[in-house]
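Visitor: Handing you a structure now.
The values are calculated or read from the model by the stated rules, or taken from the named source; none is laboratory data. Since we're looking at a predicted model, the values are computed, not measured. Every residue, glycine as well, gets a Cβ built from its backbone with ideal geometry; the counts of neighbours run over all protein chains shown.
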Amino acid sequence: MHSTSYIEQCVAHLRKGDTILYPTDTIWGIGGDATREDVIEKIFDVKRRSKEKSLIVLVDSIQMLKQYVEVSAALEQLIVDLTVPTTIIYSNPRNLAPSVVASTGTVAIRIPSHDFCKSLIKSFGKPIVSTSANISGEISPAVFEDISEEIKANVDCIVSKEYDTSEYKQASRLIRILPDGSLEYLR
């Protein structure tokens, strides 16, 4: 479905600290290396977003997730059993850029179920930020045609819309794990 060379081109941009406009398992996102503070700053600038607002991070697998947060056996099973795109808020993240961590010491992470997105992250070898591809406060773009020209002009790399195979077309479900292990559904 996607050529390896195309993934390699996108990864080359990510390694240089560039921002990308790319499809995820939900809506179109603006992304970059989630471990580099300078990249996160660029993403906030492109979106004209307050730095107090959190960003979502995407990883390609539970194995990658475990490099950045603690994952219990029960949580791992919950992740395996998910049937819709779900972002989980974790406490005490590590090895991520400081500004992807909320002031509460938490980070929102999702493992996307989107072939191109997972292949991109796996090839890059690190988590990628995912924030909706819109100016802060505007409607999130479900399809490529909904993305503003301003956003397109201010990212470094635009992934071809042919790689958008998501059928979900809305923001992911968002849950928080409470200290007692129970779940709180936020959206």
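Visitor: For residues that are farther than 20 Å from PHE44 by Cβ, outside any loop (DSSP other than H, G, I, E, B) and touching a helix residue (DSSP H, G or I) at 6+ places or on another chain (Cβ under 7 Å), tally how many sit in the stretch 94-153.
Guide: Of the residues in that region, 6 qualify.
Visitor: Taking the stated definitions as given, is SER50 exposed (fewer than 13 other Cβ atoms within 10 Å of the Cβ) and either within 11 Å of ILE128 (Cα to Cα) or among the small types (Gly, Ala, Ser) (or both)?
Guide: yes
Visitor: Residues of the stretch 168-187 being closer than 20 Å to GLY31 by Cβ, aliphatic (A, V, I, L, M) and assigned to a loop (DSSP other than H, G, I, E, B), which ones?
Guide: Within the stretch 168-187, ALA171 is the sole residue that qualifies.
Visitor: For the condition touching a strand residue (DSSP E or B) at 6+ places or on another chain (Cβ under 8 Å), free of Cβ contacts under 8 Å to residues at least 60 places away in the same chain and not basic (Lys, Arg), what is the one hit in ILE56, ILE88, ILE62, ILE79? Explain how you work it out, then say what you get.
Guide: Values: ILE56 fails: free of Cβ contacts under 8 Å to residues at least 60 places away in the same chain; ILE88 fails: free of Cβ contacts under 8 Å to residues at least 60 places away in the same chain; ILE62 fails: touching a strand residue (DSSP E or B) at 6+ places or on another chain (Cβ under 8 Å).
On inspection, the qualifying residue turns out to be ILE79.
Visitor: Scan the stretch 73-82 and give yes if some residue there is under 15 Å from the mean Cα position of the chain (by Cα) and modelled with pLDDT under 95, otherwise no.
Guide: no
Visitor: I've got another one for you. Based on this model, can you work out whether ILE79 counts as within 14 Å of TYR68 (Cβ to Cβ), in a helix (DSSP H, G or I) and aliphatic (A, V, I, L, M)?
Guide: yes
Visitor: From the list SER182, SER136, which residue is surrounded by fewer than 20 Cβ atoms within 10 Å (Cβ to Cβ), closer than 24 Å to VAL101 by Cα, touching a residue at least 12 places away in the same chain (Cβ under 8 Å) and more than 15 Å from the chain's Cα centre (by Cα)? Break it down stepwise before answering.
Guide: On the way: SER182 fails: touching a residue at least 12 places away in the same chain (Cβ under 8 Å).
None of the other options fit; the residue is SER136.
Visitor: For the subset of the stretch 21-42 comprising residues that are part of a loop (DSSP other than H, G, I, E, B) and touching a Gly at 6+ places or on another chain (Cβ under 9 Å), which member is farthest from THR87 (Cα to Cα)?
Guide: So the residue we want is ARG36.
Visitor: Right, next: Quick check: anything in the stretch 43-59 closer than 27 Å to PHE144 by Cα, part of a helix (DSSP H, G or I), in contact with a Ser or Thr (Cβ under 8 Å, 6 or more places away or on another chain) and among the aromatic types (Phe, Trp, Tyr)?
Guide: Yes, some residue in the stretch 43-59 is closer than 27 Å to PHE144 by Cα, part of a helix (DSSP H, G or I), in contact with a Ser or Thr (Cβ under 8 Å, 6 or more places away or on another chain) and among the aromatic types (Phe, Trp, Tyr).
Visitor: A follow-up question, please. If you check THR83 against the conditions, is it more than 22 Å from ILE139 (Cβ to Cβ), touching a Phe, Trp or Tyr at 6+ places or on another chain (Cβ under 9 Å) and surrounded by fewer than 22 Cβ atoms within 10 Å (Cβ to Cβ)? Walk me through how you get there before you give the answer.
Guide: Details: more than 22 Å from ILE139 (Cβ to Cβ): yes; touching a Phe, Trp or Tyr at 6+ places or on another chain (Cβ under 9 Å): no; surrounded by fewer than 22 Cβ atoms within 10 Å (Cβ to Cβ): yes.
So THR83 fails the test.
Visitor: What are the pairs, 6+ residues apart or on separate chains, where a residue within the stretch 139-157 that is free of Cβ contacts under 8 Å to residues at least 12 places away in the same chain and hydrophobic (A, V, I, L, M, F, W, C) has its Cβ under 7 Å from a residue that is crowded, with 18+ Cβ neighbours inside 10 Å and part of a loop (DSSP other than H, G, I, E, B)?
Guide: Taking only residues 6 or more apart or on different chains, not a single pair turns up.
Visitor: Taking the stretch 154-167 as the search range and keeping residues that are modelled with pLDDT under 90 and in a loop (DSSP other than H, G, I, E, B), which one is surrounded by the fewest Cβ atoms within 10 Å (Cβ to Cβ)?
Guide: GLU167
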